[in-house]
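Working notes for the structure below.
Bear in mind these aren't lab numbers, they're just calculated from the coordinates by the rules spelled out. Remember, predicted model here, so these are calculated numbers, not experimental data. Reconstructed Cβ throughout: ideal geometry from the backbone, glycine too, with neighbour counts over all protein chains shown.
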Amino acid sequence: MQSAKVAKIITVVGARPNFMKAAPIIAAMGKHNERAAGGEAGALVLQNVLVHTGQHYDEAMSDRFFADLNIPKPDVHLGVGSGSHAAQTAEIMKRFEEVVLKERPDLLIVVGDVNSTLACALVAGKISYDASGKRPLIAHVESGLRSFDRGMPEEVNRILTDHLADLLFVTEPSGIENLSKEGVSGSKVHFVGNTMIDSLLAFKHKADQSPILNQLGLREESRANSTNGTARYALLTLHRPSNVDQRESLLDILEGLDELAASCPIIFPAHPRTQKRITDFGLEHFFRREAGSRNGGKSHSDSAGGRIRLVDPLGYLDFLCLMGNAALVVTDSGGIQEETTCLGVPCVTVRENTERPITVQVGTNVLAGTAKENIRRATRQQLGSKAAKSAPQGWDGKSAERIVELVHREIRKKHSS
Ligand code: UD1
């Protein structure tokens, strides 16, 4: 039997929201390779080089996710770390260019909208392997999402990455429409569904066994206020620069949560950026720091307020467990709007816009904006709501398989041209 031909791919991850989007693609490439090794006619073996830029580097923001999602150890770690947008993007580009020139992949996969996504797409878009200008194909997973807010760094990253990409993998119908309006050729655009939901469906059962509810004492609350032995609680995440980098904005949001905090515990796994701002702005009186959180687990339970329970960022499985059992999720994250849609958990998004309109149209999401009165109104309304579980089209756990099939097809086409 002839041995199968090999195609080389580089898959890039850099920051926390990348890991759950890339994990199922890496797993699907493994399955594809089993079939290719089994002699499937014409199948290329996809040799994947996993590159971690190091944009996120804390154990809780990175390593933990590799363990939780069974992602193999990166083949290359660029160790870039934090910096201004320009410094971080430039440093990733410099280091990634060397990797691309050494590996000369057929195709690059970038996911989401973080600085690592754009930086690596930009490198691949301009590189040339030889005098003919040969370069890798660029595949962008989660294409076409638009908040129409250029003040968001992620919006700039999305637009530029999409316009560099040769293969655009779209998660929801709005993506197709947005790309078409921007003049992107429909032949490059593929509606594949949502790989982050692939991860959710694959790991939900394991997440249900997480000890986090017991660890946070959420199984011990009064039965009168509980469902299935789990206390009624809300889950909060906040990390957008526009929400947390200015004292007045953060203060407004925290005050907008006072009514909710009075009616049930709020668990707040806080991003390192947000924890730093809370300290800088002297807003610690809103929180009760759980042991093990940054600042040495100092308790602020004796100060005024202190109703929001602040914990360090959690791993994927613990967070998924907390999300699935929450009565309400309040967030400014993009991905959490989608995950709560699938879990059927009411969500209040503390932003003026969303690049994921499907979560509002068919899902469980309400856009509250950031004014305190609006946050109070939205949390009141959503806390009592009975959200139905909803699976937008293509959010079926098979998105990564579709992506790998399309990637394989495009590389074969390129090899034979
Ligand atoms: C990044 C993404 C954002 C994503 C978020 C999820 C961009 C433009 N933003 O924002 O889209 O929703 O990740 O978490 O790419 N820090 C640590 N440890 C870490 C990483 C960061 O302490 O492992 C601190 C540093 O002080 C750093 C700050 O967090 O300066 C911000 O990190 P950065 O990667 O610049 O952006 P995020 O806010 O995490």
(message) Looking at the chain only, what percent of DSSP beta bridges run antiparallel? Nearest 5 please.
(response) 5 percent
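Using unit Cβ charges (K, R positive; D, E negative) and no other charged atoms, how large, in debye to the nearest 20, is the dipole of the range 50-92 about its Cα centre?
60 debye
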(message) Quick check: Cα centre of the range 31-72 to Cα centre of the range 187-217, how many Å?
(response) 17 Å
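Let's see if you can work this out: charge +1 on each Lys and Arg Cβ, -1 on each Asp and Glu Cβ, no other charges. What is the dipole magnitude of the chain about its Cα centre, in debye to the nearest 20?
For this selection, approximately 460 debye.
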(message) Counting only helical runs of four or more DSSP H residues, what would the 222 nm mean residue ellipticity of the chain come to if each run contributes -39,500 (n - 2.57) and the total is spread over all its residues?
(response) -13000 deg cm²/dmol
(message) If I fit a long axis through the Cα atoms of helix 372-383 and take the longest principal axis of the Cα atoms of the chain, what angle between them do I get, 0 to 90°, rounded to 10?
(response) 80 degrees
(message) Two decimals, Cα atoms only, Kirkwood Rh: what is Rg/Rh over the chain?
(response) 0.98
